[in-house]
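Bear in mind that the values in this text are calculations on the coordinates, not laboratory data. Remember, it's a predicted structure, so these values are computed and weren't measured experimentally. Here the Cβ positions follow ideal geometry from the backbone for every residue, glycine too, while neighbour counts run over all protein chains shown.
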Amino acid sequence: MMERNQALRFAGTPLKVNSMTQEGRRDFVKYSFFKVAPQWRGLPQAQRDRGKAEFASVVEEFSDRMVTAAYSTVGTRGDADFMIWNISRELETISGMMSQLHRTQLGQYVSMPHSYLAMTRKSPYVAHHQHAGQEGTSTTMRVLGRKYLFIYPFVKTHEWYQLPKEDRQRMMDEHFAIGHKYPDIKISTAYSFGLDDQEFVLGFETDDPGSFLDLVMDLRESEARPYTLRDTPIFTCAHKPLRECLDELG
């Protein structure tokens, strides 16, 4: 489950993540999905190239202040072309980057059809159920940079929160046991209570999409499944340098 953060690269440059791994801190997590307007593809090639370079430069400028990773959704979603995953100590850093992106030439031609804001915190269900590399035992989040990232918002039913804690713990223990069957999948859980429309944002990093498919099918049969109110849309994202993601736009 453990991989070196140094293996993760952004736009050809190693991510500066050491300052983001301080124990006991809580970070903001942001998944921003972008869709380019059809009119952009009608622009002259030179203008498009300048626009992509300007857009990428802004993101790279902020990559030393927060963890930044880029993913392509070309070929996997019809409503988004690429996604930027940010983990930041300050919400203002994320907002500042987005503000500058809006002012770029490419920024005038992209919309954000999906956007998920959350924070890190320790899971209330893992105190007696810990294993190496488990994200829920820490208030920090790591980006491993595996080939694929699967993202979706998650909302529990009201009934779930009225159950006795021991019942919820039993069902979550079953979830953990199912997850242990797929050690190649690393989960990142972020909490959105009061910050955004969903309650959680779940991210799963793996090099094997088939393994994630099997995990989801197994979880469908778990005891806790009836207490899921919403867990869509689901995004299949391919990890790539941002400039490569932008080149895939056409």
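Below, the figures for the structure above:
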{"quantity": "Farthest positive-ward along the chain dipole, Cα basis, beta-carbon charges - from LEU219, LEU202, SER63", "calculated": "SER63"}
{"quantity": "With Cα atoms, 0 to 90° folded angle of helix 91-102 axis to the chain main axis", "calculated": "30 degrees"}
{"quantity": "Only Lys, Arg (+1) and Asp, Glu (-1) charged, at Cβ; the chain dipole about Cα centre in debye", "calculated": "540 debye"}
{"quantity": "On Cα atoms only, tilt of 209-220 relative to the major axis of the chain in degrees", "calculated": "40 degrees"}
{"quantity": "Percent of Cα pairs exceeding the 29 Å cut-off, where the set is the chain", "calculated": "30 percent"}
{"quantity": "For segment 151-250, average projected area of the Cα convex hull in nm²", "calculated": "7.9 nm²"}
{"quantity": "Cross-link partners of LYS240 among lysines (Cα-Cα below 22 Å; sequence separation of 8 or more within a chain)", "calculated": "LYS16, LYS30, LYS35, LYS52, LYS147, LYS186"}
